[in-house]
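Novice: My questions all concern the structure below.
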Amino acid sequence: MRKFLAMLLAIMMVMSCAAFASADDQVNADAELVAAAKAEGELVVYGSCEEEYLQAACDGFEKLYGIKVTHQRLSTGEVQSKIEEENGNPSADVWFGGTTDPYNVCAAEGLLMPYEAKNASHLLNSAYRDAEGNWYGIYKGILGFMVNREELERLQLPTPQDWPDLLKEEYKGLIWLSNYNTAGTAKLVINTMIQKYGHDAGIQYLVDLDKNVQIYTKSGSGPSKNVGTGECVIGIGFLHDGITQIVDNGYDNIELVVPSSGTSFEIGATAIFKGAKHENAAKLWVEYALSPDCVNQADEYGSYQFLVLDNAEQPAQAAEFGLDPENVMDYDFEDAKNNIKTYIEEVMKALGGGDDRFKTE
C-alpha cells in the first residue's frame, strides 16, 4: 500500500511539474518570476479593451498561474486621470488594452514602470514598444468610419469616403465621436487631424466637424455600438469595433470606410504602473500579454484587431473586410506624447468648453 501511494504521489508530482512547465513554455516566463508572482498571489488590472476580451484575458492568467485577478474596465482617458491623481501610489498593478497616446502621457510623467519583457522579442518591429520598456503593443487598430447603409439610403445621402466629407452640411446631426477628455480614440483623432493638416487647420477641422456631431460618447467604442441600430448614422472610431458589430451582433447594415486620403492607427498596449503593489505578478502579466496564450483568444471574444506578435494567429475577420494594417499614415508618437494635453485644452477651448453632448457616464 505504501509503495502504491508513493508511486501515485510521484506520478502526481510529475504531472504537476509538466503542467507547470507547459504553462511557462507557452508564455515563455522564467520560473523564478513565476514563483515570485505566485507568492504575491494577486493582481489588479485596469483594462481599456472591451469587457469580454478583458474578462477572458484575466481568466486565462488566473487559470495558468492560480493568481487571483481583479479587474475593472475603464476608458484610457479614465485610467490616465486616475493614475495621475494617485501619483505613484496606484490602485491597480497593470494596464491592458486601449490606444497608446494616454500610455505615452503617463510614461512621460513617470507613472509607468519600465520592464524589459522577455516576450518582447516576438514583436513585429520596434514601433510596437516603448523604447524604455514603459509599454508594449499587443494589437493594432485602424481608425475610420462606420456607417449605417440603410439610414443613408433612406436619407438619400452618399457614404462619406474621406475626412473632408464629414464636414458637409448634409451630415449635420448624424455623426458620433468619442469624448476628447475620456477616450483614447478621440485623442488619436485630435493627433491625426493635427498631423494631417497642421496645427491650426487641424483644430479648425475639429471645430467644423463639431457642427455635425450629435453625440460624444465616453468610450471610443461607443459610436460603433449604436450604428447598427440606426441611432448613430456615421460613427468615427476603430474599424475592428465595427467588425464586432457585424460579425458578433449581426448588423449587416454597417459599412466600414477607410478614409481615402489616409488614416492613422492605434497600438493597443499593456504596461505596469509605477508603484505597483504586486510587481512580480505585474511583470508576469506583461509576459503573458505578449504571448499567444493571451492574444490568440481575442477574436473568440469579439476583438478583431491585427496582432503585432510574430507567433500570434491573425484574426481572419480583419482581412476579410479588406483592412490592411500597413495602409496607414506615418504617425508621430513623440509629438502626440509631448503635446496631446495641450491639444485637448486647445480643442475644448475652441469648442467653447463643450456641452451636454460630451458624455462622461
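The values are calculated or read from the model by the stated rules, or taken from the named source; none is laboratory data. From a predicted model like this one, the values you see are computed outputs, not experimental measurements. Methodologically, a virtual Cβ is constructed for each residue, glycine included, from the backbone with ideal geometry; neighbour enumeration extends over all protein chains shown. All accessible areas refer to the heavy atoms of the entire protein, side chains included, with ligands and DNA or RNA removed. Shrake-Rupley method; radii C 1.70, N 1.55, O 1.52, S 1.80 Å.
Novice: Of the conditions (1) within 20 Å of the chain's Cα centre (by Cα); (2) at pLDDT 95 or above; (3) of a type in the set (A, V, I, L, M, F, W, C), residue 316 clears all except one; give me its number.
Specialist: Result: residue 316 passes all but (2).
Novice: Which residues, taken from segment 107-133, are farther than 24 Å from residue 325 by Cβ, part of a loop (DSSP other than H, G, I, E, B), touching a residue at least 60 places away in the same chain (Cβ under 8 Å) and touching an Asp or Glu at 6+ places or on another chain (Cβ under 8 Å)?
Specialist: The initial filter retains those residues of segment 107-133 that are farther than 24 Å from residue 325 by Cβ, namely 108-116, 118, 132.
Next, from what is left, pick out any that are part of a loop (DSSP other than H, G, I, E, B): 109-111, 113-116, 132.
Those still in the list that are touching a residue at least 60 places away in the same chain (Cβ under 8 Å) too: 110-111, 113, 115.
Matches in segment 107-133: 111, 113.
Novice: Sticking with this structure for a sec: Given the conditions (1) under 22 Å from residue 130 (Cβ atoms); (2) open to solvent by 10 Å² or more (accessible area, probe 1.4 Å), report the number of the one that residue 215 does not fulfil.
Specialist: The failed condition is (1).
Novice: Counting just the residues of segment 45-97 that are among the hydroxyl-bearing types (Ser, Thr, Tyr) and over 11 Å from the mean Cα position of the chain (by Cα), which one comes out farthest from residue 284 (Cα to Cα)?
Specialist: Among residues in segment 45-97 that are among the hydroxyl-bearing types (Ser, Thr, Tyr) and over 11 Å from the mean Cα position of the chain (by Cα), the one farthest from residue 284 (Cα to Cα) is 81.
Novice: Which number in (1) surrounded by 13 or more Cβ atoms within 10 Å (Cβ to Cβ); (2) among the polar types (S, T, N, Q); (3) modelled with pLDDT of 95 or more marks the one condition that residue 99 misses?
Specialist: Of everything listed in (1) surrounded by 13 or more Cβ atoms within 10 Å (Cβ to Cβ); (2) among the polar types (S, T, N, Q); (3) modelled with pLDDT of 95 or more, residue 99 misses just condition (3).
Novice: Taking only pairs six or more apart or across chains, which ones have beta-carbon atoms under 8 Å, a first residue in segment 304-330 that is under 15 Å from residue 256 (Cα atoms), and a second residue that is basic (Lys, Arg)?
Specialist: Going by the 8 Å Cβ cut-off, the qualifying pairs are 305/140; 325/140.
Novice: Continuing with this model, one more query. Going through segment 192-212 one residue at a time, which ones are surrounded by fewer than 22 Cβ atoms within 10 Å (Cβ to Cβ) and either charged (D, E, K, R) or under 20 Å from residue 241 (Cβ atoms) (or both)?
Specialist: 196, 200, 208, 209, 210, 211
Novice: Moving on. Are any of the residues in segment 265-276 modelled with pLDDT under 90, closer than 30 Å to residue 231 by Cα, within 20 Å of the chain's Cα centre (by Cα) and not in a helix (DSSP H, G or I)?
Specialist: Looking for residues that are modelled with pLDDT under 90, closer than 30 Å to residue 231 by Cα, within 20 Å of the chain's Cα centre (by Cα) and not in a helix (DSSP H, G or I), one finds none in segment 265-276, hence no.
Novice: Take the residues in segment 153-183 that are within 29 Å of the chain's Cα centre (by Cα) and among the hydrophobic types (A, V, I, L, M, F, W, C), then tell me which one is surrounded by the fewest Cβ atoms within 10 Å (Cβ to Cβ).
Specialist: Among those that are within 29 Å of the chain's Cα centre (by Cα) and among the hydrophobic types (A, V, I, L, M, F, W, C), it is 167.
Novice: Could you list, in sequence order, the residues of segment 174-224 that are farther than 18 Å from residue 336 by Cβ and β-branched (Val, Ile, Thr)?
Specialist: Step one: list which residues in segment 174-224 are farther than 18 Å from residue 336 by Cβ, which gives 174-176, 204, 207-219, 221-224.
Listed by number, the residues that qualify are 175, 207, 213, 215, 217.
Novice: If you don't mind, there's one more thing I want to ask. Only one of 220, 137 is surrounded by 23 or more Cβ atoms within 10 Å (Cβ to Cβ) and at pLDDT below 95; which?
Specialist: 220
Novice: Looking at segment 108-134, which of its residues are closer than 24 Å to residue 339 by Cβ, open to solvent by less than 20 Å² (accessible area, probe 1.4 Å) and touching a strand residue (DSSP E or B) at 6+ places or on another chain (Cβ under 6 Å)?
Specialist: 112, 128, 134
Novice: Give me the helices (runs of 4 or more DSSP H) completely within segment 1-68, filtered to those with at least 2 residues that are modelled with pLDDT under 50 and out of contact with any Asp or Glu (no Cβ under 7 Å at 6 or more places or on another chain), ordered by residue number.
Specialist: 2-27
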